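Read the figures in this text as sums done on the coordinates, not as results from a lab. None of these values were measured; they are calculated from a predicted model. Note: ideal-geometry Cβ built from the backbone for every residue, glycine included; neighbour counts use all protein chains shown.
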Amino acid sequence: MRRGCGGISTAPLFDRLYERYDKWYEENRLLAANEAKTVSRALEGSPRPLLEVGVGTGFFASIVGADAGLDPSLGMLRRARERGIPLLVAGVGERMPFRSRVFGSALIVVTLCFADDPQELLREVWRVLAWGGVLVSCIVPRDSSWGEYYEAKGRAGHPFYSKARFITNEMHHTMLKNAGFSLERQYATLSFKPWEEPREEEPVEAWGGDYGFTCTRARKKHVI
């Protein structure tokens, strides 16, 4: 597994296996590149500063030029520092050590499926965002071919996938709305199946379909 890691309960696992985690990007270059393009597209025009919650080893943060990253795994943060992320903080998304309304945008890349309390994490993101701030939250939909593939690997004992609790796009959207966000757009990639030859793709704007990676752009509305 790759991408941002989760809460206190999974931090020891990522501390122990962060090198294996980070190796995914080298071994799956086309998948990683497709996902990175989708994250970048969803973040276009977003206000600064940008925080990645569950920054992991900093792969996405380094590509989109994140100003700060948060993660409970010290091993992950050490690798993220090597990628040049300006500010790295040890902590969990459910209790972020930041003042309210200090970030213009936030990024979450599959961290929700590893968080101890994903709904509370989203509420905390809402708190630290400025009014009108943007959240881009990306998931591997549970009901996609890729979600089913990863869940099967988890049942077979994969150390990372076995800890993941995948959610559907519908569940994701409901959680975002419950946290106080309004949905704007969704971008998707990985239209090919896990057993097919990977290929380069451009992100598409889509609310449905069998895509293995989706990024929902949402906004913290101004109080009227």
Can you give me the distance in nm between label points at S182 and K23, each placed 7 Å from the Cα along the Cα-to-Cβ direction? 4.7 nm
Once amide H atoms are placed 1.01 Å from N in the peptide plane, what residues at a sequence separation of 5 or more from A106, or on another chain, have their amide H within under 5 Å of its amide H? L51, V134, L135, V136
So for the chain, considering every pair of alpha-carbon atoms, how many percent are separated by more than 27 Å? 23 percent
³J(HN,Hα) computed for each position of region 42-48 - Karplus, 6.51 cos²θ - 1.76 cosθ + 1.60, integer Hz, glycine/proline x: 5, 8, 3, x, 6, x, 9
Give me Rg/Rg_expected for region 72-178, where Rg uses Cα atoms only and Rg_expected = 2.2 N^0.38 Å with N residues. 1.15
Diffing region 57-67: the Karplus 3J(HN,Hα) column from phi (6.51, -1.76, 1.60, θ = phi - 60°), in whole Hz with x for Gly and Pro, holds 8, x, 4, 6, 4, 5, 6, 8, x, 4, 7
Non-local amide H neighbours of G69 (under 5 Å, H modeled in plane, Pro and chain starts lacking H): which ones? E52, L87, L88, V89
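Stokes-Einstein D for region 135-224 at 10 °C, 1.306 mPa s, Kirkwood Rh over Cα pairs, in µm²/s?
Working: Rh = 14.1 Å.
Roughly 113 µm²/s, to the nearest whole number.
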Lys/Arg +1, Asp/Glu -1 at C-beta; region 11-220 dipole; positive extreme among Y149, A206, L121: L121
Compute the signed sum of charges (Lys and Arg +1, Asp and Glu -1) over the other residues within less than 12 Å, Cβ to Cβ, of P203. -2
With the alpha-carbon atoms as the only input, what is the per residue convex hull volume for region 17-104 in Å³? 91 Å³
Apply the Karplus parameterisation 6.51 cos²θ - 1.76 cosθ + 1.60, with θ equal to phi minus 60°, to every residue of region 20-30 and state each ³J(HN,Hα) to the nearest whole Hz, in sequence, with x for glycine and proline. 5, 4, 6, 5, 4, 5, 6, 7, 10, 4, 5
For K221, give me every one of the lysines with a C-alpha distance below 20 angstrom, ignoring sequence neighbours fewer than eight places off in its own chain. K177
Using modelled backbone amide H atoms (1.01 Å from N, in-plane), which distant-in-sequence or interchain residues come within less than 5 Å of G56's amide H? C5
